[in-house]
Amino acid sequence: GENVEQHPSTLSVQEGDSAVIKCTYSDSASNYFPWYKQELGKRPQLIIDIRSNVGEKKDQRIAVTLNKTAKHFSLHITETQPEDSAVYFCAASPPRGSARQLTFGSGTQLTVLP
Amino acid sequence: NAGVTQTPKFQVLKTGQSMTLQCAQDMNHNSMYWYRQDPGMGLRLIYYSASEGTTDKGEVPNGYNVSRLNKREFSLRLESAAPSQTSVYFCASSEVYEQYFGPGTRLTVT
């Protein structure tokens, strides 16, 4: 099955700096790669996703890049703010059937220091 | 719209007890999922249901059973709880891509 590795496990940045989180996946058939943000004690919420037919997607301060050849994808957050502090999870999913079986990375605790 | 709801929010069980976690969604989604989340780990898929009437095993199904009661509801049952099942359980639903998560159930097995 799919295996997703995520690095780093913790990341501290100064407010206004950029943050980058990287993930690798093992199943070359995977074609959907979402990123979830989870605040302490809350549910995971989708912040951005990318499908394998594109190499990059941006949404305001957040961007995701995908390299299918190398089987890795990254989350980029620019101009970080204290409210960006949370745990971020990447995930990957192959196209098997109508349900999306997500395999998650182990998470990155991002701390934005004021 | 309430989205995805889960009950209970918290539960403490003794080893060997059974219980059912309830999940409901009001978004008319076809697919529903159960995950568990342990400290230092991402979410792991226990079972999923691609549509009403179907269920399939995920990555960590041992010790659990599920029922897709109707399109709205998907329950997770622990027949004989074990301390290794202490975790936070999240239900999710989706139509095509994005999965919407419920608030979670924090389960402790002593």
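Before moving on, here are some points about what is shown:
- Residue count for the range A:77-114, restricted to those that are at positive phi and free of Cβ contacts under 8 Å to residues at least 12 places away in the same chain: 1.
- Residue in the range B:77-107 that is farthest from the other protein chains (Cβ to nearest Cβ), counting only those that are part of a loop (DSSP other than H, G, I, E, B) and among the hydroxyl-bearing types (S, T, Y): B:S80
- A Cβ distance below 8 Å, combined with a sequence gap of six or more or placement on separate chains, defines the contacts here; from the range A:25-48, residues that are within 12 Å of chain B (Cβ to nearest Cβ) reach residues that are aromatic (F, W, Y) and part of a loop (DSSP other than H, G, I, E, B) in the pairs A:Y32/B:Y97; A:P34/B:Y97.
- Neighbours by Cβ (under 6 Å, 6+ apart or cross-chain): first from the range B:38-56, more than 7 Å from chain A (Cβ to nearest Cβ); second small (G, A, S) and surrounded by 14 or more Cβ atoms within 10 Å (Cβ to Cβ): B:D38/B:S87; B:I46/B:G58; B:Y47/B:G58; B:T55/B:S49
- Residue check for A:L11: surrounded by 14 or more Cβ atoms within 10 Å (Cβ to Cβ), within 10 Å of another protein chain (Cβ to nearest Cβ) and more than 11 Å from A:G105 (Cβ to Cβ): no
- Tabulated pairs, the range B:19-36, first away from chain A (no Cβ under 14 Å), second outside any strand (DSSP E or B) and among the basic types (K, R), C-beta under 7 angstrom, 6+ apart or interchain: B:A24/B:R72; B:D26/B:R72
- B:G16 falls short of the stated requirement of being on the phi > 0 side of the Ramachandran plot and surrounded by 13 or more Cβ atoms within 10 Å (Cβ to Cβ).
Taken together, the values in this text are just the output of simple stated rules run on the coordinates, not laboratory data. Owing to the predicted nature of the structure, the values given are computational and were not obtained by experimental measurement. Every residue, glycine among them, receives a Cβ derived from its backbone with ideal geometry; neighbour counts consider all protein chains shown.
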